[in-house]
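Colleague: This is the structure, below, for whatever I ask next.
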Amino acid sequence: MDPTFLIIMLLIGLGAGILGSLFGIGGGLFIVPALTLIGELFIDGGISAKQAAAISLVSIIATSVGSTVFYLDHKVSNIRLGLLLEISTVIGAVAGAVLSGYLEDWLVMTIFIVVIIASATRMMLNRKKDIQDDEGGEFTYHDIKTGKDTRYSLKNKPLGFVTCSAAGIISSLSGVGGGLIKVPIMNMMMGVPMKAATATSSYMIGITAFSGAIIYFLGGQVLLDVAAFTTIGTFIGAVIGSRISRIFDGSSMKRYFSILLFIIAGLMILRVGGVL
Amino acid sequence: MSAERNTSLTLKYSLVIGMAVVIAGLVVYLMDMGDEILWTGLLFVIISPLIGVAVTTVSLWIEKDYKWMYVALVLIAISVVGILVKYL
């Protein structure tokens, strides 16, 4: 393998890891096109979509685990909520795999784009208000920036559960991680503070990625050297990104997350249009 | 220790060991001496979330937090079914 390509993938992994750990997303949306587009320049026959997805899933696990360690040590992640919502995500992902033969790709992508633009708009409009301290709250999260503990209770649990299943379906059909949808669901629908929502999503994406990655890996579809360099990059990125998160408060995190959603919606439109 | 602390420690050690084996495996691989170590390191990285959920489940059982322990068990069961559905 060309060393230049491996170094490029390490650097792209680094960027994806920083963004992924900051915002609770996997970063596959950046890694998969990079692998397929840049891979064509360095490898005869390029890297197939399946191989790119396989490498992306392995690197997402490094992002997830790398950032979750920091967020758990600082009492930001809510692993109980993560376990609960992960059940609905896995159910959705399996349903998505079954439905994939019946739905057109363009329809799925259109639904996905509409959902993330709607989420981004709502978050942008409500960006100044994050979840306030609830004295009788079941859970507590520690804000690293302010040093304060915020108690909160989960709202609309059944609706959140069902909506996360829908996120799992869309994620499974579109091949894009569910963190983009689950963070707004946790924050706007279930009353989880923004930073706790992104940290919990970081924890969840690793579990989601595991079930796909292990199948690709045991099936021999992971290019070991490319996966290793990309994974080292995302791991370092996750360590950096989770530490950068301490400089943001909940409302600025909401603003940046909504901007990220708009950018990703733009990238998705380019993908649907065949540009990416 | 709490479920959070146990999970954090488990994830930390599994990832650090996994990444160390990946780096060692890369060196060996780039010297054309086989890819077995690299394969093992990546496998370790891939299974670390599962190890984390398993440790969380046991920790919740020790804490007698049965409601969330059952949630974790359901997740493990559904993940196994999901993998089987995808694999088959």
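Rule-based calculations on the coordinates, nothing more; no lab input. As the structure is a computational prediction, the values presented were derived from the model and not from experiment. Note that we place each Cβ from the backbone using ideal geometry, even for glycine, and neighbour counts take in every protein chain shown.
Colleague: When the helix-only estimate is applied to chain A (DSSP H runs of n ≥ 4, each -39,500 (n - 2.57), divided by the residue count), what is the mean residue ellipticity at 222 nm, nearest 500 deg cm²/dmol? Display every interim value, and only then the final one.
Modeller: Working: 10 runs with 196 residues, N = 276.
My calculation for chain A gives -24500 deg cm²/dmol from helical runs alone.
Colleague: Considering only the other residues whose Cβ falls under 14 Å of the Cβ of A:Asp73, what net charge follows from Lys and Arg at +1 and Asp and Glu at -1?
Modeller: Working: positive: A:Lys75, A:Arg243, A:Arg246, B:Arg5, B:Lys12; negative: B:Glu4.
Every neighbour counted, the sum reads +4.
Colleague: A further question follows. Would you compute, from DSSP H runs of 4+ residues alone, the mean residue ellipticity of chain B at 222 nm, taking -39500 (n - 2.57) per run and dividing by the full residue count, rounded to the nearest 500? Walk me through the numbers before you get to the answer.
Modeller: Working: 3 runs with 77 residues, N = 88.
It comes out at -31000 deg cm²/dmol, rounded to the nearest 500.
Colleague: Here's a follow-up. Using the crude model of +1 on Lys and Arg Cβ and -1 on Asp and Glu Cβ, and no other charge, please compute the dipole size for the protein assembly as shown relative to its Cα centre, in debye to 20.
Modeller: Working: 24 positive and 22 negative charges, 246 e Å.
Here the protein assembly as shown has a charge dipole of around 1180 debye.
Colleague: Starting from 0 in steps of 10 Å, tell me what percent of the Cα-Cα pairs of the protein assembly as shown lands in each bin.
Modeller: Reading upward from the zero bin: 6, 26, 37, 24, 7, 1, 0.
Colleague: Give me the one-decimal nm value for the distance between modelled label points at A:Asp73 and A:Leu41, 7 Å along each residue's Cα-to-Cβ direction.
Modeller: That separation, rounded to one decimal, is 3.6 nm.
Colleague: Still on this structure, please answer the following. Could you give me the ³J(HN,Hα) list for region A:148-154, computed from phi with Karplus coefficients 6.51, -1.76, 1.60 and θ = phi - 60°, whole Hz, x at Gly and Pro?
Modeller: Along region A:148-154, the couplings run 9, 9, 10, 8, 8, 10, 7 Hz.
Colleague: What's the average, rounded to a whole number, of partner chain beta-carbon atoms within 10 Å of each residue's beta-carbon in B:51-58? Kindly include the intermediate steps, with their values, before the conclusion.
Modeller: Details: counts 2, 10, 8, 0, 0, 5, 1, 0.
Shielding by partners across B:51-58 averages 3.
Colleague: Follow-up. To the nearest 10 degrees, how steep is helix B:36-62 against the longest Cα principal axis of chain B, on a 0 to 90 scale?
Modeller: Its long axis makes an angle of about 10 degrees.
Colleague: A further question on this structure: Quick one: 3J(HN,Hα) in Hz for region A:228-239, Karplus 6.51/-1.76/1.60 with θ = phi - 60°, rounded, Gly and Pro as x.
Modeller: Ordered by residue, 3J(HN,Hα) equals 5, 5, 5, 5, 4, x, 5, 4, 5, x, 5, 5 Hz.
Colleague: Taking Cα atoms, how many degrees apart are the long axis of helix A:79-99 and the longest axis of chain A, rounded to 10 and kept between 0 and 90?
Modeller: 40
Colleague: Could you compute the FRET efficiency for B:Ala77 and B:Ala24, with r as their C-beta to C-beta distance and R0 at 30 Å, rounded to 0.05? Present the calculation step by step, with values, prior to reporting the outcome.
Modeller: Numbers: r = 35 Å, r/R0 = 1.17.
The computed FRET efficiency comes out at 0.30.
Colleague: Select from A:Asp44, A:Asp134, A:Asp143 the residue whose mean-square fluctuation is largest in a Gaussian network model of chain A (Cα-Cα springs shorter than 10 Å).
Modeller: Of A:Asp44, A:Asp134, A:Asp143, the Gaussian network model singles out A:Asp44 as fluctuating most.
Colleague: Relative contact order of chain A, please, whole-number percent, based on alpha carbon pairs below 8 angstrom and at least 6 residues apart. Before the final figure, lay out each step's value.
Modeller: On the way: 492 pairs, mean separation 106.6, N = 276.
After rounding, I find 39 percent.
Colleague: So which lysines can A:Lys148 reach, going by Cα to Cα under 29 Å and dropping same-chain residues fewer than 8 places off?
Modeller: Once the sequence-local lysines are set aside, what remains near A:Lys148 is A:Lys75, A:Lys128, A:Lys129, A:Lys157, A:Lys182, A:Lys195, A:Lys254, B:Lys12, B:Lys64, B:Lys67.
Colleague: Ok, one more. Could you give each residue of region A:166-171 its phi-based ³J(HN,Hα) in whole Hz, using Karplus coefficients 6.51, -1.76, 1.60 with θ = phi - 60°, and x for Gly or Pro?
Modeller: Listing the rounded values in order: 4, 4, x, 5, 4, 4 Hz.
Colleague: Over all residues in B:71-82, what is the mean tally of Cβ atoms on other chains that come within 10 Å of each residue's Cβ?
Modeller: Details: counts 8, 7, 1, 5, 10, 3, 2, 9, 10, 2, 4, 12.
Average neighbour count from other chains, rounded to a whole number: 6.
Colleague: Sticking with this structure for a sec: Rounding to the nearest 10 and keeping the result within 0 to 90°, find how far the Cα-based axis of helix A:28-42 lies from the longest principal axis of chain A.
Modeller: So the helix axis and the longest Cα principal axis differ by about 20 degrees.
Colleague: Find me the longest stretch of chain A that has none of the exposed trypsin sites (Lys or Arg not before Pro), where exposed means in a DSSP loop (not H, G, I, E or B) with at most 11 other Cβ atoms within 10 Å.
Modeller: Working: sites that count: A:Lys128, A:Lys129, A:Lys148.
Result for the longest clean stretch: A:149-276.
Colleague: What average count of beta carbons from other chains do you get within 10 Å of the Cβ of residues in A:229-235?
Modeller: Numbers: counts 2, 0, 7, 4, 0, 0, 6.
What the average comes to for A:229-235 is 3.
Colleague: If you don't mind, there's one more thing I want to ask. Using the Cα atoms of chain B to build a convex hull, what is its mean projected area in square nanometres?
Modeller: Numbers: hull surface 26.7 nm².
Its Cα hull, projected and averaged over all orientations, spans 6.7 nm².
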